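The values are calculated or read from the model by the stated rules, or taken from the named source; none is laboratory data. A quick note: this is a predicted structure, and the numbers were derived from the prediction, not measured. When we count neighbours, we look across all protein chains shown, and the Cβ atoms used for this are built from the backbone with ideal geometry, even at glycine. Side chains included, ligands, DNA and RNA excluded: accessible areas come from the protein's heavy atoms. Shrake-Rupley method; radii C 1.70, N 1.55, O 1.52, S 1.80 Å.
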Amino acid sequence: MDFDTIQIDYEKEETVMIGRAADKIFTRVFIFLIMTVYFWIYTVAGLVVLGIGPAFRTVTEMHMDKQWDYRLYHFKEGWQCFKHHFWQMNLHTWLFLGVGAVLAYNLYLSLSIHTLWIIFIQFIIVFALILDFSLAIFAVMLRSRYDVAFKDAIKLAIVQFFSNFTQLLTFIIGTIVLIVISLKWPGMILFLSPGIYMVGADRLSRRWYDKIDKMLGAA
C-alpha cells in the first residue's frame, strides 16, 4: 500500500467521522427544538400561569424516556402526561414560586436598610433563594425519573443540593449563563433554551441518579 492510498483512506475516514459528528449535532439541536416547541405549546394550553410547571415536567419526562431518538417524541403522548400531572405540578410550582416571591420581596425591602448587619441577612436571603430554585428544579427532575411522592422528592433534592458543591456551582452558573444568552438573543427562548436547560439539568443530575439507583438496588 503506497502513501497516496493511505492518504485517501485517511481522508475517507476523516470525512465519515465529520459526517457522524455533524449528524449527532444536528440531531441534538433538532431534539432541543422539539422539546422547546412542545414546552411552549403545553404552557400556552395551561394559559401560561397554570401550564408552565406541568409542561416542564412533561417535556423533561419525555426526554428521559426517549433520549436522542427524535422519532419517539409524540405530541399526543406528551399531552396525556401533561393532563395527568396538571394539578400535581401546579401545586409543586406555585409552592416554590410563592416561597421565592416572599424571599425576593424581603430582599427588596432589605435594600432600603443601610446598616452593616443587613448584609448578613441579605446573604441568607440570597442563599435561601438559590436553595428554593434549586430544590424546585431538582425535585421536578427526580419526580420525572422516579415514582416518588412530593415530600420524598424534596428530601432527595435537599441531599442532592448539599452533596456535590461542584455540581451545584455548575448548575447555578449554567442557569445564569443560559438566562443571559437568552436575553441577548430572545429567539433562543422560543426555540432552544428550555430544551437545552432541561437536558443540561438532567445531565448534571446523572451522578445523583446513579447513587439513588444503587441504593434502590441494595434495598
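Between 23, 132, 65, the GNM of the chain built on Cα springs shorter than 10 angstrom shows 23 fluctuating the most. What's the local net charge at residue 141, with K and R +1, D and E -1, over the other residues with C-beta under 13 Å away? That sum, taken over residues with Cβ under 13 Å, equals +4. What's the center-to-center distance, using Cα atoms, between region 144-185 and region 90-135 in Å? Value for the Cα centre distance between the two parts: 17 Å. Helix 150-163: angle to the longest alpha-carbon principal axis of the chain, degrees 0 to 90, nearest 10? Between the helix axis and the principal axis of the chain, the angle is about 70 degrees.
Heavy-atom accessible surface of residue 116, to the nearest 10 Å², is about 140 Å², with a 1.4 Å probe and all protein chains retained. As a calculated quantity, the FRET efficiency between residue 185 and residue 209 at R0 = 30 Å, using C-beta atoms, amounts to about 0.45. Highest GNM mean-square fluctuation, the chain, Cα pairs closer than 10 Å: which of 57, 145, 203? Highest fluctuation among the options: 203. Across the chain, the relative contact order, built from alpha-carbon pairs under 8 Å that are at least six residues apart, equals 24 percent. Between residue 151 and residue 76, the simple spin-label model (points 7 angstrom out along Cα→Cβ) gives 4.0 nm.
From the Cα gyration tensor of the chain, with a ≥ b ≥ c the square roots of its eigenvalues, which class applies: rounded if a/c is under 1.5, or else prolate if a/b is larger than b/c, or else oblate? Prolate is the answer for the chain, as a/c is 1.5 or above and a/b outweighs b/c.
Only helices enter the 222 nm calculation for the chain: every DSSP H run of n ≥ 4 contributes -39,500 (n - 2.57), and dividing by all residues gives -28500 deg cm²/dmol, rounded to 500. Using heavy atoms of the protein chains and a probe of 1.4 Å, the accessible area assigned to residue 60 is about 0 Å².
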